[in-house]
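A short worksheet on the structure shown next.
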Amino acid sequence: MFALIDCNNFYVSCERIFRPDLNGKPVVVLSNNDGCVISRSNEAKALGLPMGAPIFEYREMFEKYNIQYFSANFSLYGDISRRIMTLLSEFCPDIEVYSIDEAFLDFSKMLQMDDYKKLGIKIKDYIYRCTGIPVSIGFASTKVLSKIANRVAKKYPTQTLGVHVIDSDEKKIKALKWIDVEDIWGIGRQYSRKLKAINVVKGYDFIQVPDGWIKKNMSVVGLRLKKELLGESCLKLEDIKDKQNISVSRSFQNELYKKSDLQERIAAFAAKCAEKLRKQHSVCGTVLVYIHSNFFKKEKLPFYRQIFFKLPFKTNSSIEIVKYCKLALEKIYSPEYGIKKAGVVLSDISPDKVIDLNLFEQRKKEHEQLMKTIDQLNLKMGEFTIHLASHEKSLKYKTLQQHLSPRYTTQWSDILKVKV
């Protein structure tokens with residue numbers, strides 16, 4: 001039996017932990033630069049506020065209904081997520097952290113449970129009591145069915161108490177007749193368009209489609225999905241794997257025209273990427289740098305440039321990666337265009353124990369101890385306490401975060417103070 005645990009309106013719920021006065025009120029969390037809505041409370045959804053709504057277009061609605069909004073506080077959300085995943089592992093050691101607010105548990109190696117509903121409510125109450133985050137839980141014999149069960153639990157919280165178990169053919173058929181085909185995990189817009197063209201609208205319709213059609217139009221992935229919906233488990237828990245691409249990008253509050261400003265940002269992004277690379281004990285062989293203008297400005301043609309840069313040797317040194325990213329920027333920079341967003345992507349990633357076969361150029365050994373020392377100091381004293389002179393201390397330079405909540409759980413100075 002699989003369980004999918006999904007945190008309800010996760011970003012908003014994290015903000016409400018420390019602002020209980022906002023319970024029952026419409027609340028949203030905004031994207032970088034406070035641009036658009038990325039998380040909504042149920043009250044905000046009930047008002048008709050769509051996901052992705054640009055705040056400047058909906059300002060009147062915000063004022064009319066007194067909708068509270070916060071800048072995205074990913075430090076806080078990441079820390080709360082880590083705590084929840086740790087709590088979940090107390091119930092089942094086989095856990096797959098699927099995203100910041102979702103996790104699968106696989107109970108197949110544990111003793112048969114008599115009442116998964118009771119277990120689900122116990123997990124749900126425990127998570128809420130320890131963290132203040134409400135969750136919904138779906139149980140089923142496959143991962144795909146557990147996603148559907150979770151959706152039912154979230155859609156009908158009063159009837160299900162936030163926990164739904166698909167443990168019979170009757171419940172499975174009922175759920176498949178309820179769910180729209182485009183809402184099934186693994187069926188994207190492209191496949192749903194093809195399926196609707198042959199009158200496949202619900203999940204139940206999908207399991208009636210002949211295997212030959214599915215294999216021809218959706219490959220073996222579609223066939224595997226059908227088996228999962230029929231109750232045959234094909235998808236197992238996935239181990240946490242090292243990232244094969246590492247990227248850092250930001251949109252800027254104002255357009256950047258000066259090369260020196262862009263160099264400083266690219267250096268900061270590259271240094272952060274290199275730090276992530278060292279964290280997973282890897283090196284990279286290729287960097288990609290991209291810049292683009294504000295695509296919403298109609299008075300000027302959009303500008304987008306990117307460049308791949310093959311490094312002469314694989315490295316994870318901030319000094320070397322920043323150096324080559326700045327060289328890449330030189331080739332795509334144009335003073336005629338204001339740059340609204342820029343980013344760095346590292347690829348061709350392999351373990352740092354791999355021996356470089358380049359006879360003429362190799363990564364500098366002395367950088368290894370230097371980077372290790374810098375990482376240790378920054379871990380102890382805060383991000384970018386020690387950093388290269390080519391960039392400033394923060395990644396948040398010139399980004400708009402006017403409604404950022406304190407980092408209650410990750411910054412000593414932001415911890416709540418209680419008068420007794």
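The values are calculated or read from the model by the stated rules, or taken from the named source; none is laboratory data. Note that the structure is predicted; figures quoted are calculated from it, not measured. Heads up, the Cβs are rebuilt from the backbone with ideal geometry, glycines too, and the neighbour counts pull from every protein chain shown. When the accessible area is computed, the model is the full protein with side chains, heavy atoms only, and any ligands, DNA or RNA have been set aside. Shrake-Rupley method; radii C 1.70, N 1.55, O 1.52, S 1.80 Å.
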>> Between region 26-85 and region 214-267, what is the separation of their alpha carbon centroids in Å?
In response: 23 Å
>> Just to compare against my own numbers: the Cα pair-distance distribution for region 195-331, 10 Å bins, whole % per bin, please.
In response: 10, 27, 16, 17, 23, 7, 0
>> For the chain, take the convex hull of the Cα atoms, compute a quarter of its surface area, and give me that in nm², please.
In response: 26.2 nm²
> Zone of K216 (label point 7 Å along Cα→Cβ, backbone N under 20 Å): which residues in region 176-208?
Replying inline: 190-201, 205-208
> Helices from the chain with mean Kyte-Doolittle at least 1.0 and a Cα length along the axis of 15 Å or more, per DSSP H: which?
Replying inline: none
>> Quick check on region 100-178: take the gyration tensor over C-alpha atoms, sort the square-rooted eigenvalues as a ≥ b ≥ c, and tell me if it's rounded (a/c under 1.5), prolate or oblate.
In response: oblate
> When only the heavy atoms of the protein chains count and the probe is 1.4 Å, how do K341, K310 rank by accessible area, highest first?
Replying inline: K310, K341
> Per residue, how many Å² of accessible area does region 27-145 show with a 1.4 Å probe?
Replying inline: 48 Å²
> Taking the alpha carbon gyration tensor of region 38-132, what are the square roots of 5 times its eigenvalues, largest first, to the nearest whole Å?
Replying inline: 35, 15, 12
> What does the helix-only formula give at 222 nm for the chain: each DSSP H stretch with n ≥ 4 adding -39500 (n - 2.57), the total divided by the residues, and the result rounded to the nearest 500 deg cm²/dmol?
Replying inline: -12000 deg cm²/dmol
>> Please compute the modelled spin-label separation between K118 and V420, points set 7 Å along Cα→Cβ, answer in nm with one decimal.
In response: 3.9 nm
> Using a 1.4 Å probe on the protein chains only, how many percent of the accessible area of region 254-318 belongs to carbon and sulfur?
Replying inline: 57 percent
> Residues of region 196-352: accessible area per residue at 1.4 Å, in Å²?
Replying inline: 52 Å²
> Counting only protein heavy atoms and using a 1.4 Å probe, what share of the accessible area of region 123-180 belongs to carbon plus sulfur, as a whole percent?
Replying inline: 52 percent
>> Once the cut-off is 21 Å, how many percent of the Cα-Cα pairs in region 1-63 end up in the long-distance tail?
In response: 26 percent
> Counting pairs of Cα atoms in region 263-336, how many percent are more than 14 Å apart?
Replying inline: 61 percent
